[in-house]
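Colleague: Before I ask anything, here is the structure I am working with.
The values are calculated or read from the model by the stated rules, or taken from the named source; none is laboratory data. It should be emphasised that the depicted structure is a prediction, and the values quoted were computed from it without experimental measurement. Backbone-built Cβ (ideal geometry, glycine too); neighbour counts: all protein chains shown.
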Amino acid sequence: MIGYEPPTALPRDLLDDSELRAALGAHDFGTVFRLARSRAGISYSRIAAECDIKPARVGTLARGQGRVTSFDKIARIADALRAPGHMVGLAPRPWEVVEAPAPLTSEKNGVTVRRRTFFEAATSTGLVATLPSIAKRDDAPKRLGTADVEALRTRTARLRRLDDVLGGGDTYRVYLGEYQHTKSLLRSASYSRTTGQELVSVLAEQAQQAGWAAFDAGKGADAAGLYKESHAAAGEAGNSALLGNSLAFLAYQTIAEDKAAAVRIASRSCETNTSGTPFRVRALLHERRAWACAVAGMQNETEKALAAAREALEESSDGEWQPDWAAWVDSTELDIMSGRCWTELRRPLRAVPILEQALARYDDAHARDKALYLSWLADAYLTAGEVEQAATVAARALDLSSGVASIRPRRRLAPVLEELSRHRGLAVVGDVLERARAQAG
């Protein structure tokens, strides 16, 4: 699960083939797909699924008809085939891990020093220079102390900022690398009991971040596994806030398959709240329970959970410490969640005003999230019978989601667009449907 490799990954001998290398360099993916099937036995249906391309289009490309030109599609294909970025004119992809072929050892002052080489995380948007280098960790300290753990926690917080502007398709391997590094420290370094407990707490936090990126990238099995590992680590560390958050993440992912189970898990997450739980964490757990209840159609429980979340935010006190992973929870976020809940409960008169006001305050720089939230506003307008306004909002969501390495905006917009298609006679609806088709490639 953690060492996931897509079933469409090309074997090394094929990647070394001159014909394939030339086709990749020319972005002639039709030839690439044909070679993948004939030389590696990779079916077109598998390629379509991993590359997020319609099966019919894969066949069309393989017959030499059409081209793939959009940046995000090229990056998606490179990731699915595990073709290194330089072969298709991209920066190194996040999954490109540089490892020593075997553990290297050297004798220094009578002590055997194990040297590790970690991957240099890169992203498809050219942020290589801004990422702290993971590859510069060859000489991890053998004895860890409080300062080392705090450095890891600070680094985790810095890398978390990538999620503000990038999708999980770009960040997953970065976060996964951090998690794996900390896990290796737990196995190989020495530390006091207190330091070890804090190190496991950092591991739980990193597992949640990696799990979230996996979920955002459409890697559901990876996400579930990481959330469960986070839950175990948070319990071992005695960190009730992270324990509750791991349950909230699991509930969020479970909703699509089992609404009742999601409500139960979300309720368990809220049970971890105590008088000492940071107020943003309490608010976060309550609002995620509200979401589970809303999707399950439980209006009264939704209202109670939203009220509890707002009460937690209103009880905040100046100077109270809050974990970085919950720093984004504020009144605007809660308003957006409230609007999403009312949309799910088919109460557009309550959903539209609060979403309109909150999204007016929400920066477009958070493109993935704003696109997602706009999809609920469009949905609410449809429920209210305001088709033209729904189409206008959906178009805005499409614009924001373009090029973002996340499957969730388009997945969330799909039923909205399907509903809009019943009104394709309206000019504004026709325009947004055509825009959606063009983006789908």
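Colleague: Between ILE53, ILE47, ILE74, which is within 24 Å of PRO11 (Cβ to Cβ), β-branched (Val, Ile, Thr) and modelled with pLDDT of 90 or more?
Modeller: Criteria check complete, one pass: ILE47.
Colleague: Out of ALA367, ALA307, I need the residue that is farther than 22 Å from VAL428 by Cα, touching a helix residue (DSSP H, G or I) at 6+ places or on another chain (Cβ under 8 Å) and not assigned by TED's automatic domain parsing to the domain that holds ASP216. Which one?
Modeller: ALA367
Colleague: Continuing with the same structure: Tell me whether the range 384-400 contains one or more residues that are under 20 Å from the mean Cα position of the chain (by Cα) and among the basic types (Lys, Arg).
Modeller: Scanning the range 384-400 turns up no residue that is under 20 Å from the mean Cα position of the chain (by Cα) and among the basic types (Lys, Arg).
Colleague: Sticking with this structure for a sec: So, of the residues in the range 28-46 that are of a type in the set (A, V, I, L, M) and in contact (Cβ under 8 Å) with a residue 24 or more places away in the chain, which turns out to be surrounded by the most Cβ atoms within 10 Å (Cβ to Cβ)?
Modeller: Within the range 28-46, the match that is surrounded by the most Cβ atoms within 10 Å (Cβ to Cβ) is VAL32.
Colleague: Let me ask another. Among the residues of the range 303-340, count how many are crowded, with 19+ Cβ neighbours inside 10 Å and assigned to a loop (DSSP other than H, G, I, E, B).
Modeller: Within the range 303-340, residues that are crowded, with 19+ Cβ neighbours inside 10 Å and assigned to a loop (DSSP other than H, G, I, E, B) number 1.
Colleague: Right, something else. Starting from residues that are of a type in the set (Ser, Thr, Tyr) and buried (at least 16 other Cβ atoms within 10 Å of the Cβ), keep the ones in the range 143-181 and report whichever is farthest from LYS370 (Cα to Cα).
Modeller: Only one residue fits best here, namely TYR179.
Colleague: Looking at this structure, is ALA140 part of a loop (DSSP other than H, G, I, E, B), out of contact with any strand residue (DSSP E or B) (no Cβ under 6 Å at 6 or more places or on another chain) and at pLDDT below 90?
Modeller: It is true that ALA140 is part of a loop (DSSP other than H, G, I, E, B), out of contact with any strand residue (DSSP E or B) (no Cβ under 6 Å at 6 or more places or on another chain) and at pLDDT below 90.
Colleague: Check the range 420-431 and report whether any residue there is in a helix (DSSP H, G or I) and within 23 Å of the chain's Cα centre (by Cα).
Modeller: no
Colleague: Restricting the search to the range 3-27, which residues are outside any helix (DSSP H, G or I), touching a residue at least 12 places away in the same chain (Cβ under 8 Å) and either within 17 Å of GLY64 (Cα to Cα) or charged (D, E, K, R) (or both)?
Modeller: Across the range 3-27, the qualifying residues are GLU5, ASP17, HIS27.
Colleague: I would also like to ask the following. Could you tell me how many of the residues in the range 47-65 are outside any helix (DSSP H, G or I) and surrounded by 15 or more Cβ atoms within 10 Å (Cβ to Cβ)?
Modeller: Residues flagged as outside any helix (DSSP H, G or I) and surrounded by 15 or more Cβ atoms within 10 Å (Cβ to Cβ) within the range 47-65 amount to 2.
Colleague: Moving on to the next point. So is VAL68 modelled with pLDDT of 90 or more, crowded, with 18+ Cβ neighbours inside 10 Å and either on the phi < 0 side of the Ramachandran plot or in a helix (DSSP H, G or I) (or both) or not?
Modeller: Considered against the rule, which asks whether it is modelled with pLDDT of 90 or more, crowded, with 18+ Cβ neighbours inside 10 Å and either on the phi < 0 side of the Ramachandran plot or in a helix (DSSP H, G or I) (or both), VAL68 comes out as no.
Colleague: Hey, any hits in the range 247-259 for a residue that's at pLDDT 95 or above, touching a helix residue (DSSP H, G or I) at 6+ places or on another chain (Cβ under 8 Å) and basic (Lys, Arg)?
Modeller: yes
Colleague: Of the residues that sit in the range 352-366 and are in contact with a Ser or Thr (Cβ under 7 Å, 6 or more places away or on another chain) and closer than 17 Å to ALA397 by Cα, which one is modelled with the highest pLDDT?
Modeller: Only one residue tops the list, namely ALA358.
Colleague: Give the residues of the range 271-281 that are buried (at least 21 other Cβ atoms within 10 Å of the Cβ) and part of a helix (DSSP H, G or I), sorted by residue number.
Modeller: Those that are buried (at least 21 other Cβ atoms within 10 Å of the Cβ) and part of a helix (DSSP H, G or I): ARG280, VAL281.
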